[in-house]
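The values are calculated or read from the model by the stated rules, or taken from the named source; none is laboratory data. A quick note: this is a predicted structure, and the numbers were derived from the prediction, not measured. When we count neighbours, we look across all protein chains shown, and the Cβ atoms used for this are built from the backbone with ideal geometry, even at glycine.
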């Protein structure tokens, strides 16, 4: 039956919970039995029962997600798209305004820093995408602290050094990179741009930096690997599946495809509450009193919940030997938040750790990566006598980085490199691949200037004595406001009354 070509009318007849067919990318699938198991709830699938669901499916799923999750017999065949009734898309007034703003985006030459991309993205992105990309845990104190922590570190520049030529290239896990940064994993790229994470792959190739492919990319893993230029290096961020056989196959496939490092996410046994995302999702979907499966808990988590219920909360230290047994790739734990766990990772023989609180999206009041960095370097020297940066055990940091000076502060404290995530999302959501390339050019220019001003011809010259981090652990301290950052920061909303359109405001 898989070779059968259906008409749109035939598919449209299967529009009930008992017989639910959908069309994705011109193929017909019977998802009737899958409805109760869909992480995002049955309601969203039933909305497209008997119809073309491609537009809803594509931004939050890799192209092969449906074929991987449905048995072959449920993949019924193809459809003559000329016979398919188009799903009426109602464009709201707000969305029309956002679309009009795209035509008003300034020239890229007028974009001077990473903050600019965020300010523009907020104006032109749709609500679902903006809520997912920008949201963070609880009161969003941690996401702000990630950035503010860098302001408690001050430079001690050196003078009268020959900085005619400066070089900010380095190696990450032995891989040459032209900048001491990597594009860290961020999910659901197609929410911001039709090409999704491909924007990152192509720009990373042009600028000689490493891209970390996310487990939850909108593009398929193989699509992103296939798009890499000859000799381009990529990492893989891994969410560990409850079904370890699925994880084993994924990891070993990645190794065969040439992935150079496996970054295992260890800070997300359960999703944090991301209330901007949750509120937006709640308002976007009216209550479904006819929904026989109670999916309220899933929907309340926003876009993230719909794609992440497979993550194993039982992942533990005892699983490390298993990972070592299934791959020879360097293993890095992503999401380490204290020196004790960094020390154990070192003792377990891992290749390194990423000091990270998941971009402030998980545990509220988890300290910033750069604050944890200072204590990890101190304690590992004290306990094991090792100095950083260290080729055998590398420390990475992510979260809150907006300037090359942030990166240089982390390097001075002992980091090998720094991961940058959200700014790249905002860049391709506004300008596509050109936006990503602009960020990398901005960082290149900033590195050149700041290394000269620091008196550091190479990254090896960016040492601990070049920074004063004595206030780093003080969480109540006066620092100058970062006006650009806080102009972009959108305050969280309270619950609001439902007001009829014709109701007069209360005086």
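Quick check, is residue 397 under 26 Å from residue 139 (Cα atoms), modelled with pLDDT of 95 or more and touching a helix residue (DSSP H, G or I) at 6+ places or on another chain (Cβ under 8 Å)?
Considered against the rule, which asks whether it is under 26 Å from residue 139 (Cα atoms), modelled with pLDDT of 95 or more and touching a helix residue (DSSP H, G or I) at 6+ places or on another chain (Cβ under 8 Å), residue 397 comes out as yes.
Looking at residue 409, is it at pLDDT 95 or above, farther than 30 Å from residue 59 by Cα, outside any loop (DSSP other than H, G, I, E, B) and in contact with a strand residue (DSSP E or B) (Cβ under 7 Å, 6 or more places away or on another chain)? Talk me through it step by step, then tell me what you get.
Numbers: at pLDDT 95 or above: yes; farther than 30 Å from residue 59 by Cα: yes; outside any loop (DSSP other than H, G, I, E, B): yes; in contact with a strand residue (DSSP E or B) (Cβ under 7 Å, 6 or more places away or on another chain): yes.
Yes.
Can you tell me which of (1) at pLDDT 95 or above; (2) under 29 Å from residue 128 (Cβ atoms) is the one residue 364 doesn't meet?
Unmet for residue 364, out of (1) at pLDDT 95 or above; (2) under 29 Å from residue 128 (Cβ atoms): (1).
Okay, residues lined up against (1) modelled with pLDDT under 95; (2) in a loop (DSSP other than H, G, I, E, B); (3) in contact with a helix residue (DSSP H, G or I) (Cβ under 7 Å, 6 or more places away or on another chain):
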{"residue": "418", "(1), (2), (3)": "no, no, yes"}
{"residue": "435", "(1), (2), (3)": "no, no, yes"}
{"residue": "440", "(1), (2), (3)": "no, no, yes"}
{"residue": "475", "(1), (2), (3)": "yes, yes, no"}
{"residue": "479", "(1), (2), (3)": "yes, yes, yes"}
{"residue": "484", "(1), (2), (3)": "yes, no, yes"}
{"residue": "497", "(1), (2), (3)": "yes, yes, no"}
{"residue": "500", "(1), (2), (3)": "yes, yes, no"}
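Just to be sure, is residue 164 in a loop (DSSP other than H, G, I, E, B), outside the structural domain of residue 54 (by TED's automatic domain parsing) and surrounded by 22 or more Cβ atoms within 10 Å (Cβ to Cβ)?
Judged against the criteria, residue 164 is not a match.
Go over the candidates 375, 364 one by one and state the one that is surrounded by fewer than 21 Cβ atoms within 10 Å (Cβ to Cβ), assigned to a loop (DSSP other than H, G, I, E, B) and touching a helix residue (DSSP H, G or I) at 6+ places or on another chain (Cβ under 6 Å).
Details: 375 fails: assigned to a loop (DSSP other than H, G, I, E, B).
Being surrounded by fewer than 21 Cβ atoms within 10 Å (Cβ to Cβ), assigned to a loop (DSSP other than H, G, I, E, B) and touching a helix residue (DSSP H, G or I) at 6+ places or on another chain (Cβ under 6 Å) holds for just one of 375, 364, which is 364.
Return the only residue of 188, 236 being on the phi > 0 side of the Ramachandran plot and surrounded by 18 or more Cβ atoms within 10 Å (Cβ to Cβ).
Of the residues listed, the single one that is on the phi > 0 side of the Ramachandran plot and surrounded by 18 or more Cβ atoms within 10 Å (Cβ to Cβ) is 188.
Filter the helices (runs of 4 or more DSSP H) completely within the range 21-118 down to those with at least 1 residues that are modelled with pLDDT of 85 or more and not assigned by TED's automatic domain parsing to the domain that holds residue 10. Write out each step before concluding.
Numbers: elements: 42-46, 54-57, 65-69, 93-102.
In the range 21-118, the matching helices (runs of 4 or more DSSP H) lie at 93-102.
Scan 147, 253, 151 and give me the residue that is modelled with pLDDT of 95 or more, in a helix (DSSP H, G or I) and under 30 Å from residue 54 (Cβ atoms).
Numbers: 147 fails: under 30 Å from residue 54 (Cβ atoms); 151 fails: under 30 Å from residue 54 (Cβ atoms).
The conditions single out 253.
Looking for something closer than 22 Å to residue 217 by Cβ and in contact with a strand residue (DSSP E or B) (Cβ under 8 Å, 6 or more places away or on another chain) - is there at least one such residue anywhere in the range 37-53?
Yes, the range 37-53 has at least one match.
I'm trying to understand the selection: among the residues of the range 33-53, which are within 18 Å of residue 8 (Cα to Cα) and buried (at least 16 other Cβ atoms within 10 Å of the Cβ)?
Once the filter is applied, which keeps residues that are within 18 Å of residue 8 (Cα to Cα) and buried (at least 16 other Cβ atoms within 10 Å of the Cβ), the range 33-53 yields 45, 46, 48, 49, 50, 51, 52, 53.
Among the residues of the range 454-466, are any in a helix (DSSP H, G or I), under 29 Å from the mean Cα position of the chain (by Cα), buried (at least 18 other Cβ atoms within 10 Å of the Cβ) and in the same structural domain as residue 423 (by TED's automatic domain parsing)?
yes
I'm trying to understand the selection: among the residues of the range 207-216, which are touching a helix residue (DSSP H, G or I) at 6+ places or on another chain (Cβ under 6 Å) and either part of a loop (DSSP other than H, G, I, E, B) or surrounded by fewer than 23 Cβ atoms within 10 Å (Cβ to Cβ) (or both)?
Of everything in the range 207-216, those that are touching a helix residue (DSSP H, G or I) at 6+ places or on another chain (Cβ under 6 Å) and either part of a loop (DSSP other than H, G, I, E, B) or surrounded by fewer than 23 Cβ atoms within 10 Å (Cβ to Cβ) (or both) turn out to be 207, 216.
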